[in-house]
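Reading through the structure tokens given below for one structure.
The values are calculated or read from the model by the stated rules, or taken from the named source; none is laboratory data. Source: prediction; values computed, not measured. Positions of Cβ are generated from backbone atoms using ideal geometry, with glycine treated the same way; all protein chains shown enter the neighbour counts. To get the accessible areas, we keep the full protein, side chains included, count just its heavy atoms, and leave off ligands, DNA and RNA. Shrake-Rupley method; radii C 1.70, N 1.55, O 1.52, S 1.80 Å.
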Amino acid sequence: FIEAQRILNSLKNYESWKCSITYHLAMSYIGLGEFHQAKQNIKIIEAIFNEGIIDKNEKGMLYIVTAKLLYLQGDYNNSMKEVNKGITVFIKNGLDNNNLMLTTPYILKAELLNCLSKYNEAYAQAQQLYEMYKSVKKEDHEIFGRIYTQTARSELGLNKIDQALEHINKAISIFLADEARNPKDQDYSEDPELALAYVVKGDIMSVVSDMK
């Protein structure tokens, strides 16, 4: 992405491509925890929109990347505002509300709702994602691992312990089946999705232990 951005910056009239590349680069920096670099790239996206060079209907990507950054910085309320603005723009721009292109903002929204203890809403969002994917992907696909993780978090919050444990075990099994994610003999995981699933299972088992 860095090399693609460097090449595009040397060209004129490719602002839409520049915006897309910069969005993915910012997301990559966020995933690496390099928030300063992410903010710099978000500023580039903002500048492109402020210049009025590309369609404002594409501004959804700016809202989503900003929401992701705010989420990882622990600012859940403002992150929720940004993700909702992004979803609204995408749908207003013609996307059906069950379009798979909304996966990233919907997963983020489910995470945020769980963080804000809005478990019924989080569960509903996770169920919408499940319905979107059940006819197009096999249930061993990694997307279901992510969906089941958020489902389990919401079920834990709703005190549906048995269902939560079932779903988080499914999520962990899906992630471990991926050779790139499986830590094998290591006693820790560098994969954020698998690590989160284990954290959720730990929270569930803690509740189970307290119930005994």
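Do any chymotrypsin sites (Phe, Trp or Tyr not before Pro) in segment 123-191 lie in a loop, going by DSSP, with at most 10 other beta-carbon atoms within 10 Å of their beta carbon, and if so which?
Those satisfying the criteria are Tyr188.
Can you give the angle from 0 to 90° between the axis of helix 142-157 and the longest principal axis of the chain, with both taken from C-alpha atoms, to the nearest 10?
Long axis of 142-157 versus the principal axis of the chain: about 60 degrees.
Could you work out how much longer the chain between Ala124 and Asn97 gets when fully extended? Use 0.36 nm per residue separation minus the Cα distance between them, nm to one decimal.
8.3 nm
Given R₀ = 22 Å, what would the calculated FRET efficiency be for Leu158 paired with Asp75, taking r from the Cβ atoms and rounding to 0.05?
0.30
Quick one: with all protein chains in place, what share of the accessible area of the chain is carbon or sulfur, to the nearest percent (1.4 Å probe)?
Result for the chain: 49 percent of the exposed heavy-atom area is carbon or sulfur.
Rank-order 114-120, 66-72, 95-101 by packing density, defined as the average count of other C-beta atoms within 10 Å over each peptide's residues, highest first.
66-72, 114-120, 95-101
Using 7 Å Cα-to-Cβ label points, what is the Glu51/Gln37 separation (nm, one decimal)?
If labels sit at Glu51 and Gln37, their model points lie 2.3 nm apart.
Which of the three applies to segment 119-172, rounded, prolate or oblate, going by the alpha-carbon gyration tensor with a ≥ b ≥ c and a/c under 1.5 meaning rounded?
oblate
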